[in-house]
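Remarks on the structure that follows.
The values are calculated or read from the model by the stated rules, or taken from the named source; none is laboratory data. Fair warning: this is a prediction, and the values are worked out from it, not measured in the lab. Note that each Cβ is placed from the backbone with ideal geometry, even for glycine, and that neighbours are counted across all protein chains shown.
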Amino acid sequence: MADSLVLTGTRQVTKHKGDEMVRLDYPRGGNTWHLKRWWVQGNGTVYVDCTVFKVTGGAGSGYLAIASSASTNLRIDHDGAFGFDFFYINEVERAALFTDTFELVEHYVFPNISGGKVMTVTPADGATIGGGGGGGGGGAPTGVVTAVTVSAGGTGYSDGTGVAVSGGSGSGLTVDIVVTGDAVTSATVASGGQDYIAGETVTVSGGGGDATLTVSA
């Protein structure tokens, strides 16, 4: 065993005995990542919140995603070669191993679904750590908003942080806004969300519902 830790909730790591698994915050803010459900194929895209660890070993590096919640409790042992054992599994149903480019290698079904031991599922087109290939998978978030500009200041607004928006093709974007009078005069990204398209317009919640922003993604 090269590394071991206990995950409680979505971010608390204790009893960490190595340095090969490192929990990562979502690139645009927050503790959890929003990944495509790797166990579902078909029409539409559904996301699951995950705790993500960067894992290093002799063959390279990859990512271990745990479909966690506030009630999750789980011990993870890593053997140094991208083999994992899971213990004390509570309030968590699935996990997955991805390459460093977020191609799916294999995924794990925990006992409250499998009904017994942890089940490892290796897709026919699964990738390999350090070897590429394969395809399927959760994929890293795309269309993450990196900046916004004020298109229309609107009326009735007050300064705010983590303000939600509506419209656009994506989800999860929040912004910090600065108001002069009652109009939005500047805005910065608080959480970049995902699946947005550069140049599209979103509406800032609150106020008169008439302030709009143009996104860069």
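Every listed requirement among (1) out of contact with any Asp or Glu (no Cβ under 8 Å at 6 or more places or on another chain); (2) at pLDDT 95 or above is met by residue 76 save one, (1). Looking at this structure, is residue 68 buried (at least 19 other Cβ atoms within 10 Å of the Cβ) and either not in a strand (DSSP E or B) or not β-branched (Val, Ile, Thr) (or both)? Here the answer is yes, as residue 68 does meet what is asked.
Conditions tested, residue by residue: (1) within 30 Å of residue 103 (Cα to Cα); (2) modelled with pLDDT of 85 or more; (3) surrounded by 20 or more Cβ atoms within 10 Å (Cβ to Cβ); (4) not assigned by TED's automatic domain parsing to the domain that holds residue 33.
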residue: 154; (1), (2), (3), (4): no, yes, yes, yes
residue: 160; (1), (2), (3), (4): no, yes, yes, yes
residue: 166; (1), (2), (3), (4): no, yes, no, yes
residue: 189; (1), (2), (3), (4): yes, yes, yes, yes
residue: 193; (1), (2), (3), (4): yes, no, yes, yes
residue: 206; (1), (2), (3), (4): no, yes, no, yes
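Of all residues in segment 153-178, those being farther than 19 Å from residue 26 by Cβ and without any contact (Cβ under 8 Å) to a residue 24 or more places away in the chain number 2.
Under the condition of being assigned to a loop (DSSP other than H, G, I, E, B) and hydrophobic (A, V, I, L, M, F, W, C), the residues counted in segment 8-59 number 5. For segment 204-217, filtering for residues that are assigned to a strand (DSSP E or B) and either under 22 Å from the mean Cα position of the chain (by Cα) or small (Gly, Ala, Ser) (or both) leaves 2.
Reported count of residues in segment 148-203, each being part of a loop (DSSP other than H, G, I, E, B), under 24 Å from the mean Cα position of the chain (by Cα) and of a type outside the set (A, V, I, L, M), is 8.
Per-residue answers, yes or no, for (1) among the charged types (D, E, K, R); (2) farther than 24 Å from residue 173 by Cβ; (3) in contact with a Phe, Trp or Tyr (Cβ under 6 Å, 6 or more places away or on another chain):
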residue: 8; (1), (2), (3): no, yes, no
residue: 25; (1), (2), (3): yes, no, no
residue: 57; (1), (2), (3): no, yes, yes
residue: 63; (1), (2), (3): no, no, yes
residue: 70; (1), (2), (3): no, no, no
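Going through 189, 204 one at a time, which residue ends up being touching a strand residue (DSSP E or B) at 6+ places or on another chain (Cβ under 7 Å) and farther than 14 Å from residue 29 by Cα? It is 204. Restricting attention to segment 106-132, the residues that are at positive phi and either in contact with an Asp or Glu (Cβ under 6 Å, 6 or more places away or on another chain) or not assigned by TED's automatic domain parsing to the domain that holds residue 55 (or both) add up to 2.
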